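Presented below is the structure to which this report refers.
The values are calculated or read from the model by the stated rules, or taken from the named source; none is laboratory data. Computed from a predicted structure; not experimentally measured. Here the Cβ positions follow ideal geometry from the backbone for every residue, glycine too, while neighbour counts run over all protein chains shown. Just so you know, the surface numbers come from the protein's heavy atoms only, side chains and all, with ligands and any DNA or RNA stripped out. Shrake-Rupley method; radii C 1.70, N 1.55, O 1.52, S 1.80 Å.
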Amino acid sequence: MTETRQITLEDYPAGMPAPEHFGHRTVDLPDPQDGEVLIRVLWMSVDPYMRGRMRPNVKSYIPPFQKGEPLDGGAVGQVIKSKDPKFAEGDFVVGFAGGWRDHHVGPASAYTKVDPNLAPLSAYLGVLGMPGLTAWVGLSQIIKPKEGEVLYVSGAAGAVGSLACQLGKHYGMTVMGSAGSAEKVEWLEKEAGVDKAFNYKEHDAISLTKAISEIAPKGVDGYFENVGGMQLEAILNTVAFGGRMAFCGMISGYNNDKPEPGPSNLINIVGRGVMIQGFIVSNYMNLVPQFAAEVAPLLAAGKVKFEETIYEGLDKAPDAFIGLFRGENFGKAVVKIAEPA
């Protein structure tokens, strides 16, 4: 048997998650059975959607975490034992399970082999992983950009938003975005190539409406929604006729005890013929080959850049998760659990 340390959910948070909502336990794992692998977890992901799994009474697309049980999420690991011909010992793999612990036994079908020579292993949890796929889906499948159009991305310095901005530029768009610090704004404009970035903490809906209108007097054609709140209100004021909005998340409200009122200018979507579509990236897994074929060469050529906020050690996983809602992450938040063997 293999001993594993794991982080558990000890109580469901009301409002902002806190360290006391998480626990630590050590358990024994059984050996893998036919069709399974035992992996040593090297990197794990924390993502905003996990907050939704801490609401047991809210119907969602994914089951809630259970109190007293380990949390779960995306992970990159190294195969220690394999009972499936798909993998050999020593292979590096990525999957949407295995996080919040240092070892995991799971079905081989849940994992994909990855190449550490193509990109850093942590990148398979970010720009080449679920967040990257999310950005690509929102742009290519929903907004469907045209050269010369205007794109606005909220949460533009995050794992999803930063790639959405760069893909927008790749598609020939004028790109605006928001972030929560001067450092992030500078990175977006100087490194990611964003035409204009705003520090949302310096604006309300009225001032942001004015600032967007100065850059895009004909309106915003595409909006990639990660945040919600007053930025959505500002976009509804400035959206162009025939605008398209991809709703990925609305992190500003994830920890609210009560739902926020909807924006008062929602009527604008009618008169301007706006299309709004929410989406869950897991419904687009069949498009992973297309995503990889487009984004991996851009990354290899240096045309896509990414940032990471790295937390060292499994015990830091709760801090990494809580930091998402405080805006502490720059790019993808990942937890480094171990070095490769």
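Miscellaneous remarks
- When every residue of the stretch 158-179 is checked against the conditions, none turns out to be in contact with a helix residue (DSSP H, G or I) (Cβ under 6 Å, 6 or more places away or on another chain), among the small types (Gly, Ala, Ser), in contact (Cβ under 8 Å) with a residue 40 or more places away in the chain and in a loop (DSSP other than H, G, I, E, B).
- Annotation note: of GLY35, GLY52, the sole residue that is open to solvent by less than 50 Å² (accessible area, probe 1.4 Å) and modelled with pLDDT under 95 is GLY52.
- Residue within the stretch 74-92 that is part of a loop (DSSP other than H, G, I, E, B), crowded, with 19+ Cβ neighbours inside 10 Å and within 24 Å of the chain's Cα centre (by Cα) present: yes
- Test result for PHE325, surrounded by 15 or more Cβ atoms within 10 Å (Cβ to Cβ), aromatic (Phe, Trp, Tyr) and within 17 Å of PRO116 (Cα to Cα): no
- Qualifying residue in the stretch 36-47 (condition: in a loop (DSSP other than H, G, I, E, B) and not small (Gly, Ala, Ser)): yes
- Residue-level check: of (1) among the β-branched types (Val, Ile, Thr); (2) more than 28 Å from LYS210 (Cβ to Cβ); (3) open to solvent by less than 10 Å² (accessible area, probe 1.4 Å); (4) in contact with a Leu (Cβ under 7 Å, 6 or more places away or on another chain), VAL105 misses just (3).
- Residue check for VAL127: modelled with pLDDT of 95 or more and either out of contact with any strand residue (DSSP E or B) (no Cβ under 7 Å at 6 or more places or on another chain) or more than 18 Å from LEU163 (Cβ to Cβ) (or both): yes
- The conditions of being surrounded by fewer than 21 Cβ atoms within 10 Å (Cβ to Cβ), of a type in the set (A, V, I, L, M) and in contact (Cβ under 8 Å) with a residue 60 or more places away in the chain are not met by VAL220.
- Residue list for the stretch 1-22, restricted to those being farther than 30 Å from LYS83 by Cβ and in contact (Cβ under 8 Å) with a residue 40 or more places away in the chain: GLU10, ASP11, TYR12, PRO13, ALA14, GLY15, MET16, PRO17, ALA18, PRO19, HIS21, PHE22
- Test: residue in the stretch 251-265 that is farther than 30 Å from ILE322 by Cα and either modelled with pLDDT of 95 or more or part of a helix (DSSP H, G or I) (or both): yes
- Within the stretch 112-124, the residues that satisfy the criterion of being outside any strand (DSSP E or B) and either farther than 17 Å from GLY161 by Cα or over 18 Å from the mean Cα position of the chain (by Cα) (or both) are VAL114, ASP115, PRO116, ASN117, LEU118, ALA119, PRO120, LEU121, SER122.
- The residues of the stretch 274-288 that are open to solvent by less than 50 Å² (accessible area, probe 1.4 Å) and either outside any helix (DSSP H, G or I) or in contact with a strand residue (DSSP E or B) (Cβ under 8 Å, 6 or more places away or on another chain) (or both), listed by number, are VAL274, PHE279.
- Residue identified as modelled with pLDDT of 95 or more and open to solvent by less than 10 Å² (accessible area, probe 1.4 Å) among LEU121, LEU139: LEU139
- Scan the stretch 1-29 for residues that are more than 25 Å from the chain's Cα centre (by Cα) and open to solvent by less than 70 Å² (accessible area, probe 1.4 Å) and the total you get is 4.
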